[in-house]
Amino acid sequence: MIDSRSIGPGDLFVGLAGERVDGGTFAAAALEAGAWGVLVAPEHAAADLPGAGAVLSSGSPLHALQALARAWRRELGSTVIAVTGSVGKTSTKDLLAALIAPHRSVAASRANFNTEIGLPLELLAAPAGTEVLVLELAMRGAGQIAELATICEPEIGVITNVGPVHLELLGSIDAIAATKAELIEGLCARGTAVLPAGEPLLDPWRGMRKTVTFGPGGDVTLDGDTVVAHGERLDLELPFTAPHQRSNALAAVAAALAAGVRPSGRLEVAFSALRGERVDLGSGAAVINDCYNANPLSMRAALDDLAQQHPEGRRMAVLGDMLELGPDEVALHREIGAHAEASGVDVLVTVGPLAVAMTEAFDGESYAVADAAEAAALLGELVRGGDVVLVKASRGVGLEVVTEALLERSNG
């Protein structure tokens, strides 16, 4: 545990130094709360700490935490599947866990526990007897996926896609592909890489490990509604029609098969919050709450999904700023406005200074507001019974308040 407020009997507290607070200063509080021990930097280990708990010292508590996690991963002997990608990694992780659960004991990382701190915590949380571990790997810059791979030592690596995400940090789509491909390089020699078919950006790494492809023309694909894997039709029912979720499902099936699991029956999955969840309002309208994060690739996918909806009312899109897109950010937002137009959106509401560029390429009814609070107030007046409303933006925009306000209004 790294939060002393959550410590209970039997826990080990790891005091990590943050930007504003050094967790090692809470070692005494953790021991008083019943922790069996604390892992802290030497200056905190030398302090006069209460009780009889163990005091472990390391020049880098974070590296020590990661080493403990790697040791537990080896002790477990689980098959480790690591998932990364520009879009869809959390949903693919959810799908994988759902596909494997009926056949093997499986543990999957929680949302946001996908960094150099969160990943080792999820490894250490996996119970003894876990046969398959499904872990999500996040990327903020070059080298991070490689670092995470050294911690979890995956046998199977899934790259869902490569898109224009974190351009502000990495500069080009080729650099993004190279960073995602660190997962392929981090697989064991007999590992399997699960990659999107027809993605030329990943071609330089396809021969590095055994490779299974998914999507049109791949090893795992769709024939109508039937999943076909390596030429064989699977008795597997997908409960959704959204193209991006079907693509995620194919990636998950490919990884499950690589882990020795043959999925079958109706796929029952609970996706993580704020990722395309449908919220029905009392007025007869509905919200597609997809506001966890956004980039050009995921925006297009969400709008394509909205285009498949057949509401009695209107298709409405509340789209906010996409962040960290670099010097082409305005043009990329304008392209999303054009895609909204082509997708049959009837009403477009943009949120934030960047998203307003979407209205320049949208000929229908549109509104531009400054922030999420203004959007919530406006949508309360605009939404009518029968409408379907897509809500999506980068996490920093905080658009979840729009759904919350609409739900409160409909229940009031």
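The values are calculated or read from the model by the stated rules, or taken from the named source; none is laboratory data. Only a predicted model underlies this, so the values are computations on that prediction, with no experimental measurement involved. Using ideal geometry, Cβ is built from the backbone for each residue, glycine included, and neighbour counts are taken over all protein chains shown.
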Say whether the condition of being in the same structural domain as LEU195 (by TED's automatic domain parsing), of a type in the set (A, V, I, L, M), in contact with an Asp or Glu (Cβ under 8 Å, 6 or more places away or on another chain) and at pLDDT below 95 is met by at least one residue in segment 248-266. no
With the structure loaded, tell me whether ALA259 is in contact with a helix residue (DSSP H, G or I) (Cβ under 9 Å, 6 or more places away or on another chain), closer than 16 Å to LEU96 by Cβ and crowded, with 16+ Cβ neighbours inside 10 Å or whether it fails that test. yes
What number goes with the only condition from (1) in contact (Cβ under 8 Å) with a residue 24 or more places away in the chain; (2) within 22 Å of the chain's Cα centre (by Cα) that ALA101 does not pass? (1)
Any idea which of PRO311, PRO243 is out of contact with any helix residue (DSSP H, G or I) (no Cβ under 8 Å at 6 or more places or on another chain), modelled with pLDDT under 95 and over 18 Å from ALA361 (Cβ atoms)? PRO311
List the pairs whose first member sits in segment 384-412 and is outside the structural domain of LEU325 (by TED's automatic domain parsing) and without any contact (Cβ under 8 Å) to a residue 40 or more places away in the chain, whose second member is among the acidic types (Asp, Glu) and assigned to a helix (DSSP H, G or I), and whose Cβ atoms are under 9 Å apart, counting only residues at least 6 apart or on separate chains? none
Somewhere in segment 265-279, is a residue over 25 Å from VAL134 (Cα atoms) and assigned to a loop (DSSP other than H, G, I, E, B)? no
May I ask you to verify whether VAL269 is among the β-branched types (Val, Ile, Thr) and within 23 Å of the chain's Cα centre (by Cα)? yes
Give the residues of segment 286-336 that are touching a residue at least 60 places away in the same chain (Cβ under 8 Å), outside any strand (DSSP E or B) and basic (Lys, Arg), sorted by residue number. ARG314
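Okay, residues lined up against (1) at pLDDT 95 or above; (2) of a type in the set (S, T, N, Q); (3) within 27 Å of the chain's Cα centre (by Cα):
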position: VAL351; (1), (2), (3): yes, no, yes
position: GLU360; (1), (2), (3): yes, no, no
position: TYR367; (1), (2), (3): yes, no, no
position: ALA373; (1), (2), (3): yes, no, yes
position: GLY396; (1), (2), (3): no, no, yes
Per the filter on segment 357-371, residues out of contact with any strand residue (DSSP E or B) (no Cβ under 6 Å at 6 or more places or on another chain) and over 13 Å from GLY337 (Cβ atoms) are ALA370, ASP371
Assuming LEU323 fulfils every condition listed in (1) surrounded by fewer than 21 Cβ atoms within 10 Å (Cβ to Cβ); (2) of a type in the set (A, V, I, L, M, F, W, C); (3) at pLDDT 95 or above; (4) within 15 Å of ALA393 (Cα to Cα) apart from one, which condition is it? (3)
Condition set of a type outside the set (A, V, I, L, M) and in a helix (DSSP H, G or I), scope segment 346-363, selection surrounded by the most Cβ atoms within 10 Å (Cβ to Cβ): answer is THR359
Do we find a residue being assigned to a helix (DSSP H, G or I), surrounded by fewer than 22 Cβ atoms within 10 Å (Cβ to Cβ), more than 17 Å from the chain's Cα centre (by Cα) and not acidic (Asp, Glu) anywhere in segment 124-134? yes
Which of the residues belonging to segment 196-248 are among the β-branched types (Val, Ile, Thr) and without any contact (Cβ under 8 Å) to a residue 60 or more places away in the chain? THR211, VAL212, THR213, VAL220, THR221, THR226, VAL227, VAL228
Only one of these is out of contact with any Phe, Trp or Tyr (no Cβ under 6 Å at 6 or more places or on another chain) and touching a residue at least 60 places away in the same chain (Cβ under 8 Å): SER366, SER283, SER343. Name it. SER283
Filter pass, HIS44 being more than 20 Å from PRO9 (Cα to Cα) and at pLDDT below 95: yes
Quick one: in segment 226-249, which of the residues that are of a type in the set (Asp, Glu) and over 25 Å from the mean Cα position of the chain (by Cα) is surrounded by the most Cβ atoms within 10 Å (Cβ to Cβ)? ASP235
Residues of segment 166-202 satisfying the condition of being at pLDDT below 95 and more than 18 Å from MET139 (Cβ to Cβ): CYS188, ALA189, ARG190, GLY198
